[in-house]
Amino acid sequence: MRLYCASSEETLRTRKLLTEWVGDGFLTKEQYQLLEKETVSELRTTNIFLRLVLFLFTLISVGAAAGLFFVVFLSRPLEQTAGVFYLIFAGVCYAAAEVAVCQARLYRYGIEEALAVCSVGFLYAGMQSALFIGRPYSPTQFLVPAAGAVFSLRIWRRFGFFYAFLAAMIFLIFLPGYWTSSLEAQHLIVAVFYATGLGVVASIRTRHRFDYLDEDYSLVEALLWLGIYLVMNLQLSLLNLPAQWWGGTGAPEFGRPFYWGTWVLIWCLPPIVLARGVRQKDRFVIAVGAIVATLTLISNKPYLGWHRNTWDPMLLGIWLTGIAVFIRRWLARGPGGIRHGFTAARLSGKDKHWMNVGSTVFGQLSPQSITPAPQPSSPDLRFGGGQTGGGGAGGDF
Amino acid sequence: MTILTRLEQWKDQGKISPEQYAHLAGLSRGEPLSLFLELNVLLYAGVLAFVAGLGWTVSTWSGQLGDVLVLTVLSTILAACFWYAFSRAPSWSVAETPAPSPVFDYVLYLVSLTWSLELGYIEERFHLLSGQWDLYLLATAGLFFFLAYRFDNRFVLSLGLSSLAGWFGLTVSHWSAHQDAAYRQYALLYCLLVGVGGAVLQRVGLKPHFFGTYLNIVANVLFWALLSGVFVRQGYGLWFLALLIACGASLAWGLVHRQFAFVAYAAVYVYVGVSSLFLRGVTDDIAIWGYFVASGVAMLVVLVQIGRRFGRPA
């Protein structure tokens, strides 16, 4: 099913780890040069920056090629005709992505990724245009997001792009809207989809505990946990967002048992996710556990209909900082700074690199939201209204 | 063959020692699992949420609380954080110095944000520097640079560079006419000042590891400024030439130092600049789409060649 053979991906992973280890001083340069020769992979990879830029320019080229085709050959096509051609483009893009992998041996190179992404986009647009635009509403319209979800899942299985799995999850959100008008049923159906996926992934990943697929499955499991939480938290729900953005409607009404059932669930899910992450020593699942725990704290008051105080974020900040300090101290007091297989110490130079990147980026962004604005002309005016950036200037003090 | 099997094989062949095997096999199995990054993210989110709540509370309740109470609370937080920072910091060194404790960097971050909050409050209530708001930013930038270099903190350095950019922006906003062109000139001046400053500090060995932060910020500000010049209707030739030179320099720097972010900057900014010139006044759909196909493919070919020669994952 997967386009890359297991040994190639495993070799690539080993090579990456060797590079990290020599950087961290766990291997000597001589050892690295010796071991590197044994981990030669035929797959062609590149670094993250070139990958992003190649992805961008492939998107531009493919999109422009489709545009040029329509301009040259079909000046004012019918929706159905355009749809058929979109479907052909989808097939061409998908075939090109496969060729890029099979012939050119591209691996996370940006080009094959953009081609695969374009194929999903064209498939969605093609099905919508060819089958449903300009026709009366049909209950079979659910086939469009369903096809998008199935095709995205196929791309995830074939190529291993985690964001294809995320796309499949997003397509699934639109499905129940075609089957039932009950919002409660829609939430439950999406949650059941995600829970089923979670069960499947959890059962599969036990076979890949220490191989190259473990990280992929870990990420997918984390996404599914996050999806279930976001669908069941009615204050943040993924399902309500499209309606609120486009329809401009307020929060929808739910039955009391369902509403309070989801409230119980949003309190139950974080400890379950955290426990699962800690038991599996799964970084992504632990991170999602922490995120959903924080979201529960943030959304609890709106859930209960309580008034939100201006000092709530301060309490949240104190709580988060306190938890971080407590965990770090507790771990550090263990023998060798380790407890139950966890440590707060930095073990990899990669962590330091990410910290440096994060501090540069977030140091630039964070002052915009909390620092004061230039002085208004009237002394009676209250804070706010600044437009310039910088450590001492923002738009909304 | 999994990494664990390979490690065992290498140990048996004597390519790695048994101690190395034990350590590396443990790391491969995630034993122990480091929560270093996660705990840092939690601390960052905590400080940010705290200061956001503080700002919200102050702006909402300042009338009821009174200036004395607000300033006392903010000053107390500042004083406590300063005391913590100066009492725990190791002696100063020009080289990279690790933080004395994991929370140290975040205490400094709290100092910086609270300082900005307090200054904003003072100016808002008392108008001490009425009409000369930019001096606050300059003073703030100065304080942040001092803290960044004294305590070796990239977070605060970024805040300092951001404040300095704000000072340049506010200074130029005093001029009402031709603001766009004036902003561009001040952006270039900012780049020159920060770029040369960062290079000199690196050359004299004063926290040379900060140079990457300087360079990234300067590169982006410079490219935005030059691009905004290319977008103007008249007199864009010089800006375009400058953009080409800057992109060439960025590309060369990225390839020589294997910092591929600069290769990416060069590719994207030069593409936007060249495209804006090519498509200026072009209304024919075929020409527009044809341009994007040809240019997109050309960029792909060039980037693939660069990737083949230089761009293996570091």
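The values are calculated or read from the model by the stated rules, or taken from the named source; none is laboratory data. Owing to the predicted nature of the structure, the values given are computational and were not obtained by experimental measurement. All Cβ positions, even for glycine, are placed from backbone atoms using ideal geometry, and neighbour counts span all protein chains on display.
Quick look at the numbers
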read-out	value
Evaluation of residue A:165 against (1) touching a Phe, Trp or Tyr at 6+ places or on another chain (Cβ under 6 Å); (2) modelled with pLDDT of 95 or more; (3) outside the structural domain of residue A:66 (by TED's automatic domain parsing) (one fails), failing number	(3)
Qualifying residue in the range A:265-277 (condition: of a type in the set (Lys, Arg) and either in a loop (DSSP other than H, G, I, E, B) or farther than 18 Å from residue B:42 by Cβ (or both))	yes
Count of residues meeting criterion [outside any helix (DSSP H, G or I) and among the charged types (D, E, K, R)] in the range B:53-79	0
From the options A:38, A:42, residue that is surrounded by fewer than 20 Cβ atoms within 10 Å (Cβ to Cβ), among the charged types (D, E, K, R) and assigned to a helix (DSSP H, G or I)	A:38
Filter pass, residue A:130 being modelled with pLDDT of 95 or more, of a type in the set (A, V, I, L, M) and part of a helix (DSSP H, G or I)	no
Criterion: part of a helix (DSSP H, G or I), crowded, with 18+ Cβ neighbours inside 10 Å and within 35 Å of the chain's Cα centre (by Cα) - qualifying residue of B:82, B:50	B:50
Single match in B:282, B:270 (criterion: more than 9 Å from chain A (Cβ to nearest Cβ) and in a helix (DSSP H, G or I))	B:270
Failed criterion for residue A:89 (all others in (1) outside the structural domain of residue A:155 (by TED's automatic domain parsing); (2) touching a Phe, Trp or Tyr at 6+ places or on another chain (Cβ under 9 Å); (3) surrounded by 18 or more Cβ atoms within 10 Å (Cβ to Cβ) hold)	(1)
Filter pass, residue A:61 being in a loop (DSSP other than H, G, I, E, B) and either touching a Ser or Thr at 6+ places or on another chain (Cβ under 9 Å) or at negative phi (or both)	no
Matching residues in the range B:199-219 - criterion: being of a type in the set (Gly, Ala, Ser) and either more than 20 Å from residue B:153 (Cα to Cα) or surrounded by 21 or more Cβ atoms within 10 Å (Cβ to Cβ) (or both)	B:219
Residues (free of Cβ contacts under 8 Å to residues at least 40 places away in the same chain and in a helix (DSSP H, G or I)) located in the range A:95-104	A:95, A:96, A:99, A:100
Condition broken by residue B:37, with the remaining ones in (1) at the interface with another protein chain (Cβ under 9 Å from one of its Cβ atoms); (2) hydrophobic (A, V, I, L, M, F, W, C); (3) surrounded by 20 or more Cβ atoms within 10 Å (Cβ to Cβ) satisfied	(3)
Candidates B:2, B:76, filtered to the one that is in contact with an Asp or Glu (Cβ under 9 Å, 6 or more places away or on another chain), free of Cβ contacts under 8 Å to residues at least 12 places away in the same chain and not basic (Lys, Arg)	B:2
Which listed residue, of B:134, B:67, is crowded, with 18+ Cβ neighbours inside 10 Å, farther than 30 Å from residue B:8 by Cα and more than 7 Å from chain A (Cβ to nearest Cβ)	B:134
Scope the range B:15-32; condition touching a helix residue (DSSP H, G or I) at 6+ places or on another chain (Cβ under 7 Å) and buried (at least 19 other Cβ atoms within 10 Å of the Cβ); matching residues	B:16, B:24
Qualifying position, being surrounded by fewer than 21 Cβ atoms within 10 Å (Cβ to Cβ), in contact with a helix residue (DSSP H, G or I) (Cβ under 7 Å, 6 or more places away or on another chain), of a type in the set (S, T, N, Q) and over 28 Å from residue A:55 (Cα atoms), among A:138, A:182	A:138
The listed residue being farther than 21 Å from residue A:352 by Cβ and more than 10 Å from every other protein chain (Cβ to nearest Cβ), out of B:73, B:58	B:73
Qualifying position, being at the interface with chain A (Cβ under 7 Å from one of its Cβ atoms), more than 23 Å from the chain's Cα centre (by Cα) and not in a helix (DSSP H, G or I), among B:124, B:31	B:31
From B:159, B:222, B:243, residue being crowded, with 23+ Cβ neighbours inside 10 Å, assigned to a helix (DSSP H, G or I) and not assigned by TED's automatic domain parsing to the domain that holds residue B:269	B:159
Single condition residue B:111 does not satisfy, out of (1) facing chain A (nearest Cβ under 9 Å); (2) buried (at least 22 other Cβ atoms within 10 Å of the Cβ); (3) among the β-branched types (Val, Ile, Thr); (4) closer than 30 Å to residue A:327 by Cβ	(1)
Qualifying positions in the range B:176-219 - outside any helix (DSSP H, G or I) and touching a helix residue (DSSP H, G or I) at 6+ places or on another chain (Cβ under 8 Å)	B:206, B:207
Tally of residues being over 30 Å from residue B:291 (Cβ atoms), facing another protein chain (nearest Cβ under 9 Å) and of a type in the set (Ser, Thr, Tyr) across the range A:23-73	2
Tabulated pairs, the range B:197-218, first closer than 17 Å to residue A:356 by Cα, second hydroxyl-bearing (Ser, Thr, Tyr) and assigned to a helix (DSSP H, G or I), C-beta under 7 angstrom, 6+ apart or interchain	B:198/B:214; B:207/B:149; B:213/A:360; B:213/B:158; B:216/A:360
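Every residue, every condition in (1) outside the structural domain of residue B:117 (by TED's automatic domain parsing); (2) not small (Gly, Ala, Ser), yes or no:
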| site | (1), (2) |
| --- | --- |
| B:16 | yes, yes |
| B:22 | yes, no |
| B:27 | yes, yes |
| B:58 | no, yes |
| B:61 | no, yes |
| B:75 | no, no |
